[in-house]
Structure formats: structure tokens, C-alpha cells
Amino acid sequence: MSLLARSGGLGPLCAAARAVLPCLWRGKYFSSGREPAENQVTPMLRHLIYKIKATGPITVAEYMKEVLTNPAKGYYVYRDMLGEKGDFITSPEISQIFGELLGIWFISEWMATGKNAAFQLVELGPGRGTLTGDILRVFSQLGSVLKNCDISIHLVEVSEKLSEIQALTLTEEKIPLERNAGFPVCMRGVTKSGIPISWYRDLQDVPKGYSFYLAHEFFDVLPVHKFQKTPQGWREVLIDIDPQVSDKLRFVLAPGVTPAEVFIQRDEMRDHVEVCPEAGVIIQELSQRIALTGGAALIADYGHEGTKTDTFRGFYGHKLHDVLTAPGTADLTADVDFSYLRRMAGGQVASLGPIKQQMFLKNMGIDVRLKVLLDKSDEPARQQLLRGYDMLMNPQKMGERFNFFALLPHQRLHGRSHPMDACQSKPSVSPVAGFGELTWR
Ligand code: SAH
């Protein structure tokens, strides 16, 4: 029996029911009210043109980093791009069930690894804070299971604007937030359910300790280098000013070898590749932490197993958008190469997946949870729940495009308990929920 059915449900549909349907996820384009920003000379475009004039063509990775996270003009830094009025929609914004099932996943892993006395939940790129909010609701509802466990929340967010929205979503109004809480903590507060919560700009700054890490649609916005195979060997794709139009950018190939070429596999068979060194650094950091102190990382994103070629795309107002047009006004993204993430984990930890979202959520008991909510809802809410379920699960929509991938201590999969749990006599060998069926122990 699933944990959700046992619990008798996790409460009613949120008051702020997800009102965004029908809406669109990255990878599909539909029309919306927003006009495309064609040929707009944005402050970011001006900045990039100065930069290229001063130092020459830039890599695609540098372009993505500047456009998305430049502290003064970056796309992510000062706006809310999620939802109907934004540029794209994500699973937690579509249905509360998504976050609830992830909450169950963390509890299930916490139980399977010996119910540690404390854990940190660390989310990378938390958007509006909706996903952590849904997870925290599950933690509250299952308070009897988690009682005596010392939980803290740690959010790694580059965007000031989104950090403020996350604080509004997650924290108790009556307890003032401590802003500029002192490096490396940008902000500190208490969640609506009384749990300490802190914000950071970088994963490195999050305290080390037994943690569950979560990254949903985070790795796809990290900067990629792009390479094209040519008769002279691999050449990096760069971005330069169009000689015909002075305020327009264009792709060019580097005339010779560039440093990032070291990231290409020797036996690479494709003729165009994208590599994301920043993703590699983050995976190595997560792997070291998990190997050292236990816990797990759950990564969900769209991606491939080292098979795709050109996946660099822009999104503006729920439509595909030319990546070089009006930089700073549109989201930029590239599919995640899960085979690269696995290589970067480097055997320090075990990895599971990628497994399709549809299969993961099915294994987590999405059908049982949907039924519980449908039974409690009136007609408009039922229709909304069903549409949300269809978006998340339909193979033509998000069901097959999105994947789940996990990093776990080797001990978790091979039946030995973590050294921290050495006093426990019973080894933990239960299957990992989501990648197999959720079992309630
Ligand atoms: N996880 C959320 C939001 C995904 S959008 C959801 O699924 O709804 C990507 C998120 O990552 C945003 O919150 C963005 O501000 C953040 N982000 C982008 N680049 C980042 C970086 N380098 N470091 C930390 N956060 C980053």
C-alpha cells in the first residue's frame, strides 16, 4: 500500500490552486498575450556588443552566463519568468501533486537510511518556492513520522527577485526576515511551519551535513559550451557581432582550438556537442557531500544520455525565441546530458536513472494521490486536477520529456548502512522509491 493511501491524504487542494492551465512548458511553444521582442536593442545586447568589441567573440557559455545571471541585467536576476504571464511553466507550478510526491520521496529515503536525527533540505534554483512549499506541507502532514527530526531548509538562488517571492511563499509573515544575514547567508527566516530557512547564492556556501538536495529545471539553465566537428577537428561555436548589422549577433566558429575542448570525450561520435562544465562542478560537489555525510540528490530535468546535438533554445512568452535576439528578455536553456552528470559523479556515489517522469510519478503513487484529491474536490477543481495530471504524465507532454536522476551513497544500494548509522544492526536494502515502487515500511 502506498504511503499516501496509508496517511489518509495530505489535506485539501491548496487555496491558491494552480490556475495556470492550459500553460506551456519549455520545449513546446504556444501563443500567449506577450509580443516577441524582435530586434530590440536591449541593455544586455549593448553590454555584449561592448564586451565583444573589447575582447573578441565570446563562448556560448559566457553568453548564457551573462544573459541569464549577470548581477545587473541578467534575465533571472530581476524578474518572475514563471507562469502564465511569464515565459515558461514548470511541473510544481502545474500541480501540487508533483511536490507532494517529491516530499514523500525524501521522507522515504530518510526512513530507508536510518531516520537520521537531523537533515537539511537543499533546493537549487527554487523558482517561486512552490516546490519546497508543497514538500513542506507533506512534512507537516506527516509530522508524526518526522517527529524529533531537526529539519532545516536551504535555498540556493541567484535571483534577488525570486528570493523575495520564495520568502513570501514560504515564510511566516509575523517573523521578520533577516536580510543580509552575513556572508554567505543572504537571507534567513522561519517557514510557515516553524522550520529555519536560509538563502545562499552558491551551493558551496550551504553548510555540509546530512542533506537531501533537490534540483528541478535547474541544470538546464547552466551555461553550455558548443562544439562543431570540422575537417580540421573540433571547433568551438562562438558569438560575434554580425558584420552586416552592427547591433545584431551571430554564431561563428573559433579559428583554432579553445580551452573548453578538453571536455569533449575522446570517442565522441556526434558531430555537434554541448558540454556544461558548471554542471560537472556542481555534481562533483554534491557527490563529495553525499559520500561524506549521507543523504541523496534528486535531479529532475529534460535531457538525454549523451545522444542529442543542438538543443540550445530560447523561450519568450511561451514561444520559442531566437537565442541571439533581444538577449536578457528571454529564457535560455539546453537539454541536460545525464551521461555527463553520471561521469562527473565519478563513482563517489551511486546514481539511478534517468527515468521518465511518467514512470517515476507512477511509482511514487500519483494515481492514488489523484484519486484522494478528486474525491474531495468540486467540479472546477476536479477538471483542473485532471488537466494537471495529463500535463505531468502524458508521454506527448511532460511525461516522457522530463527525467528523474538520483545520486545516493553506495551503501544505500548495496545493503550496508551508512557509517553514521553503524550502531544500527539492520542494513537498509529497500528499493529506492520512484525508481521502483514506493513501499511503506
Ligand atoms: N525549480 C523551479 C524554477 C526553475 S527556473 C521550478 O521548477 O519551478 C531556474 C531557477 O534557477 C530559477 O529560480 C533561477 O533564478 C535559478 N538559477 C538560475 N541560474 C542559477 C545559478 N547559477 N545559481 C543559482 N540559481 C540559479
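Each reported figure results from applying straightforward, stated rules to the coordinates on display, with no laboratory input. Nothing here was measured: the structure is a model prediction, and the numbers come from that model. Using ideal geometry, Cβ is built from the backbone for each residue, glycine included, and neighbour counts are taken over all protein chains shown.
Kindly identify region 143-269 as rounded, prolate or oblate by the Cα gyration tensor criterion: order the square roots of the eigenvalues as a ≥ b ≥ c, call it rounded if a/c is under 1.5, otherwise compare a/b with b/c, prolate if a/b is larger, else oblate.
prolate
What are the radius of gyration and Dmax of the chain, computed over its Cα atoms and given in Å?
In order Rg, Dmax, the Cα atoms of the chain give 22.0, 73 Å.
Can you work out the PRE-style zone for residue 278? Point 7 Å along Cα to Cβ, and I want the residues of region 109-136 with backbone N under 12 Å.
125
Bin width 5 Å, alpha-carbon pairs only: give the P(r) of region 34-96 as whole percents, running from 0 to the bin holding the largest distance.
Pairs per bin, as whole percents: 4, 14, 19, 23, 18, 10, 7, 3, 1, 0.
Would you report the distance distribution of C-alpha pairs in region 157-213 as whole percents per 5 angstrom bin, up to the bin with the largest distance?
4, 19, 29, 27, 17, 5, 0
How big is region 363-409 in terms of Cα radius of gyration and Dmax, in angstroms?
Rg then Dmax for region 363-409, in Å: 13.3, 45.
When only Cα pairs under 8 Å and 6 or more residues apart are kept, what is the percent relative contact order across region 166-210? Don't skip to the end; give the middle numbers.
Numbers: 53 pairs, mean separation 12.9, N = 45.
The value is 29 percent.
With an 8 Å Cα cut-off and a minimum separation of 6 or more residues, compute the relative contact order for the chain in percent. Before the final figure, lay out the partial values.
On the way: 854 pairs, mean separation 93.6, N = 441.
Worked out over the chain, it gives 21 percent.
Hey, what do the phi angles of region 121-135 turn into as Karplus ³J(HN,Hα) couplings, whole Hz, using 6.51/-1.76/1.60 and θ = phi - 60°, x for Gly and Pro?
9, 10, 10, 9, x, x, x, 8, x, 5, 5, 4, x, 5, 5
Skipping prolines and chain starts, which residues have an amide H placed within reach, meaning under 5 Å, of the one on residue 238, given they are 5 or more residues away or on another chain?
Here the answer is 252, 253, 254, since their amide H atoms fall under 5 Å of that of residue 238.
Cα centroid distance between region 297-325 and region 242-264, in Å?
Answer, in whole Å: 20.
Just to check, using Stokes-Einstein with a Kirkwood Rh over alpha carbon pairs, what's the diffusion coefficient of region 35-160 at 37 °C and 0.692 mPa s in µm²/s?
In µm²/s, the coefficient rounds to 187.
Cross-link list 65/147; 85/174; 161/376; 192/226; 308/371: which exceed 32 angstrom alpha carbon to alpha carbon? Display every interim value, and only then the final one.
Working: 65/147 42 Å; 85/174 29 Å; 161/376 35 Å; 192/226 43 Å; 308/371 37 Å.
Over 32 Å apart, Cα to Cα: 65/147; 161/376; 192/226; 308/371.
Per residue of region 246-258, what does 6.51 cos²θ - 1.76 cosθ + 1.60 with θ = phi - 60° give for ³J(HN,Hα)? Whole Hz please, x for Gly and Pro, Karplus curve as stated.
Computed from phi, the couplings for region 246-258 are 5, 10, 10, 9, 8, 7, 9, 9, 4, x, x, 5, 10 Hz.
How many times 2.2 N^0.38 Å is the alpha carbon radius of gyration of region 269-348?
Here the answer is 1.31, to two decimals.
Placing +1 on the Cβ of each Lys and Arg and -1 on the Cβ of each Asp and Glu in the chain, which of 385, 276, 169 has its Cα farthest towards the positive end of the resulting dipole?
385
If you place +1 on the Cβ of every Lys and Arg and -1 on the Cβ of every Asp and Glu, how big does the dipole about the Cα centre of the chain come out, in debye to the nearest 20? Please list the in-between numbers first.
Numbers: 49 positive and 49 negative charges, 151 e Å.
That gives a dipole near 720 debye.
Compute the relative contact order of region 194-256 as a whole-number percentage, counting only Cα pairs closer than 8 Å that sit 6 or more residues apart in sequence.
Value for region 194-256: 19 percent.
Considering the convex hull of the alpha carbon atoms of region 310-407, report its projected area averaged over all viewing directions, in nm², one decimal.
9.0 nm²
Hey, if you put +1 on the Cβ of every Lys and Arg and -1 on every Asp and Glu Cβ in region 72-145, which of 143, 76, 113 ends up farthest toward the positive end of that dipole?
The one lying farthest along the dipole's positive direction is 76.
Output the peptides 238-245, 329-336, 68-75 sorted from most to least packed, where packing is the average of other Cβ atoms within 10 Å over each peptide's residues. Please report the intermediate quantities before stating the final value.
Numbers: 238-245: 14.0, 329-336: 25.4, 68-75: 17.6.
Result, highest mean first: 329-336, 68-75, 238-245.
Per DSSP H run of at least 4 residues, take -39500 (n - 2.57); add these up for the chain, divide by its residues and hand me the 222 nm value, nearest 500 deg cm²/dmol.
It lands at -9000 deg cm²/dmol.
Under 5 Å between amide hydrogens, which residues at least 5 positions from residue 127 or on another chain qualify, with H placed 1.01 Å from N in the peptide plane?
none
One-quarter of the Cα convex hull surface for region 190-342, in nm²?
For the Cα atoms of region 190-342, the hull's average projected area reads 12.5 nm².
List every residue whose amide H lies under 5 Å from the amide H of residue 193, counting only residues 5 or more places away in sequence or on a different chain, with H placed 1.01 Å from N in the peptide plane.
none
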